[in-house]
Structure formats: structure tokens, C-alpha cells
Amino acid sequence: MLKVTQQPDVISFGGGLPAPELFPTREIAECTAEVMEEYGAAALQYGVTEGIPEMRTWVADRLSRRLNTIFDPTEILIVNGSQQGLDLIGKVFLDPGDHVVLENPSYLGAIQAFDAYQARYLTVETDEDGIVPESLERVLEHADHFPKFLYLVPNFQNPTGRTLSAERRVAIVEICERFGLPIVEDDPYGELRFEGDDLPSLVSLAKTDTVIYSGTGSKILAPGLRIAWLAIPDHEIREKIALSKQGTDLQTGSLAQYVFHRYANKRHAFEAHVDRIVETYAHRRDVMVEALERTMPAGVSFNRPKGGMFLWATVEGVDTTELLKRSAEQKVVFVPGVSFYPGRDIHDGMRLNFSNASEDKIQEGILRLAAAVREFK
Ligand SMILES: Cc1ncc(COP(=O)(O)O)c(C=O)c1O
């Protein structure tokens, strides 16, 4: 697929890339100059593993405001992308053969991170409102090998764009606390909400320290900075994860942390930037949904996520890996859904990214995709 997407006339709904034209490149250049002026060598020196104090404080303040629960800067660990956070969690929690509970389908990068520690998976029934609590309860009751944690993306999930409903959040936290199952709440898309109100985070609903919350600057600023964070209320787990990070890369890059912090601290500019992303992606989502409604034949269904970067479509009776071969000839690509199912057993889904293509490209790409689908119908 990579080879195909590199051709200039191919329209890709396949990647999970933010819109590069929205990156505040000039402002980041200015922030870099300001950081060098103010901090000089300190911004180029080694720093503490947990992250520079300014970033940890900024994250703690922002999460305390957004998630409606108080975080202390000492609970925050700055990581090299939330992908590193997932790897460190795998490293600390998992021995070969250990089980992890996942949504079905689930984020592929998490499966890859946990695969490296030879994890096995228990999947929970999932619908348009996210994980079904009764199914989670059944899975935990019948597990011979009790799992190490539940991993989930509650807001505008990758790959489906689905959001876990408010009632289910309460139920899932209650079940996990009752069974003593830690939760990894991965939330890269929570700030990219196009409509409706924020729903309570799982970490704010928990009565105990069982939830690790993961956030990132990748979708609200730029993934190239590799600045992300874990909020880990449990002291012992936090120490273990910090120690693992020390063994992995000593620390997240000092310069990137200072630059991120400098930009994020220009509060007005930063909030306006996030608003611009939300507005642009919301519009692109609308364009994609309208194009799908207009062009797709019967048997194709799709959702209309209230935020994030992806929507999920199913093509009844069609193996979307085969469809991809045909659509690549029409010069449009997507990710076949099978890759996101740990059991690799469901073949009719596809993930469509709407953040990275212009409106014209979205219109044209969906037209081509519909032509490819019609060849199967
Ligand atoms: C659910 C989820 N978690 C984590 C990541 C990794 O993001 P980061 O750039 O912070 O490593 C992504 C990226 O697409 C994602 O979709």
C-alpha cells in the first residue's frame, strides 16, 4: 500500500495523518528561536526521565481542567509519542502469554506494541456505543488466565470513530474495579470533538488508582515533535514505567519539550489552533459522509463520528482486502478492517481517514471507491 500511496495521483484514506497544512510551522520556528534565546544550552542538555517540570505542570493543569479531576505534576510522565507509552505499559505489565482485554476492532499500534511482549488477547463485544459492559463482565468471569489490563480508546476510536457512551463508562469502570483489572485509557482524539459535550473520562470515574490515562500532542499540534504523556496515579506503577523509560531512551528530547511547552503556553494561539483543526476535520467528515451517501450502492454502511480522524464502513459480503486491490487500481486506498481485529476473522470493514485529504480529493476519492465497490456488487 505504501508503494501505491507514494504515487502522486493516488488519493489516500489509508493513513492516520493530521492535515500538514494546518501545522503552525512559522509559530514553531519562532518558539524554537525563543527557547534557544531563553534556555540556550539547557534546552540541548540531558534532562530528567519524567520530563521537564514545565511540561509536566502544563499537562497536569490541562488534564485537571479537561478531565474534571485533579492531577499533580508528579503523576505525569512525558513520553516519546503515546506509542512509547503503550510499549512501556507492555514492558511493565506483560510476560509472554499474558492476556490483554481489547475492544474488537482495536487500535493496530497497540496490538503491535503488546505483540512485542507476546501478549494474547481477549476481545469484548463492541458496538456503535463502544464496549458492551455485559460482554466484558462475561469475559472476566470466564477467563482462565486473568488478564493484566483492559486497553481502550473511549473517544472517536481508531479505527472506528466510535465513542463509548456515558452510561457504559460508568459500568466499565465499576466492573474493572470490582474485578481488580487495571484500565489503559488511550485518548489521542478526545480534544477533536466536532459536536456534543465531552463525556467523563474513565480516569475521573475511577474510585481507585486503576486507570492509566494516555494523551498526546500528535493530533492537537504535530506528531513530529513526539511529545505525549501518561498520567499514572499509582505510585508504584509510575516508578516502574519511569524506570523502563530510563532503560529505553533516558528521556524524551529536551528541545522538543521546551518548544512544545512554549507554543502551548501561548494559550490563545494554541486554543485557536485546536479550534481550527476541529473546524477543518468536522467539515471534511461532512464532505466524506455526504459523498458516501451519494455514491455508495446498497449493502455499504458507514457511521458519522462526532470527532476524531476516522470513520468506519462495512461492505456487506465483501472481503475489503480484495476490494483494496481493485480500488488501488482506481487510485484510491484505505485500510482493510481485518488488520484491526485481533482474531483476524472479520473481513468486511474498512477504515477511512478524513483528516488528511482536501475536500476535492475526498469527493473524488469516494467516487472512485464507490466504482470499485460496484464491481463487487
Ligand atoms: C489510538 C492511538 N493511540 C496512540 C497513537 C500514537 O500516537 P503518538 O503519535 O502519540 O505516538 C495513535 C496514532 O494514530 C492512535 O490512534
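The values are calculated or read from the model by the stated rules, or taken from the named source; none is laboratory data. Remember, predicted model here, so these are calculated numbers, not experimental data. All Cβ positions, glycine included, derive from the backbone under ideal geometry; neighbour counts span all protein chains shown. What goes into the accessible areas is simple: the full protein's heavy atoms, side chains included, and nothing from ligands, DNA or RNA. Shrake-Rupley method; radii C 1.70, N 1.55, O 1.52, S 1.80 Å.
Could you grab me the full set of residues in the range 227-250 that are touching a helix residue (DSSP H, G or I) at 6+ places or on another chain (Cβ under 6 Å) and under 13 Å from residue 84 (Cβ atoms)?
Hits for the range 227-250 are 227, 228, 229, 230, 241, 244, 245.
Within the range 30-41, identify whether any single residue is of a type in the set (D, E, K, R), assigned by TED's automatic domain parsing to the domain that holds residue 235 and either away from the ligand (no atom under 16 Å from the Cβ) or open to solvent by less than 20 Å² (accessible area, probe 1.4 Å) (or both), and answer yes or no.
no
Being buried (at least 19 other Cβ atoms within 10 Å of the Cβ), in contact (Cβ under 8 Å) with a residue 40 or more places away in the chain and under 30 Å from residue 366 (Cα atoms) is the requirement here; does residue 291 meet it?
yes
Which of the residues spanning the range 294-303 are in contact with an Asp or Glu (Cβ under 9 Å, 6 or more places away or on another chain) and surrounded by 15 or more Cβ atoms within 10 Å (Cβ to Cβ)?
Correct list: 300, 302, 303.
Please note which strands (runs of 3 or more DSSP E) are completely contained in the range 87-179 and include at least 1 residues that are touching a Leu at 6+ places or on another chain (Cβ under 9 Å), more than 16 Å from the ligand (Cβ to nearest atom) and free of Cβ contacts under 8 Å to residues at least 60 places away in the same chain.
Per the criteria, 99-103, 120-124.
On the basis of being surrounded by fewer than 19 Cβ atoms within 10 Å (Cβ to Cβ), more than 21 Å from the chain's Cα centre (by Cα) and over 29 Å from residue 152 (Cβ atoms), does residue 345 make the cut?
When the stated conditions are applied, residue 345 does not pass them.
Under 8 Å between Cβ atoms, at least 6 apart or on separate chains: pull out the pairs that start in the range 180-206 with a residue that is within 23 Å of residue 16 (Cα to Cα) and end on any residue that is among the basic types (Lys, Arg) and within 13 Å of the ligand (Cβ to nearest atom).
Filtered contacts from the range 180-206: 188/219; 189/219; 191/219; 192/219.
For residues in the range 351-377 being small (Gly, Ala, Ser) and farther than 16 Å from residue 318 by Cβ, which is farthest from the chain's Cα centre (by Cα)?
Looking at residues that are small (Gly, Ala, Ser) and farther than 16 Å from residue 318 by Cβ, I get 365.
Which is in a loop (DSSP other than H, G, I, E, B), at pLDDT 95 or above and closer than 21 Å to residue 5 by Cα, of 355, 327?
355
Starting from the range 277-288, keep only residues that are of a type outside the set (Phe, Trp, Tyr), then list their pairs with residues that are open to solvent by 10 Å² or more (accessible area, probe 1.4 Å) whose Cβ atoms are within a distance under 6 Å, requiring at least 6 positions of separation or different chains.
That search, which allows pairs on different chains as well, returns 277/22; 282/194; 287/359.
Does the range 120-129 include one or more residues that are more than 23 Å from the chain's Cα centre (by Cα), open to solvent by less than 10 Å² (accessible area, probe 1.4 Å) and not polar (S, T, N, Q)? Before you say what the answer is, go through the steps one by one.
Going through the range 120-129, the residues more than 23 Å from the chain's Cα centre (by Cα) turn out to be none.
Checked against the condition, which is being more than 23 Å from the chain's Cα centre (by Cα), open to solvent by less than 10 Å² (accessible area, probe 1.4 Å) and not polar (S, T, N, Q), the range 120-129 yields no hits at all.
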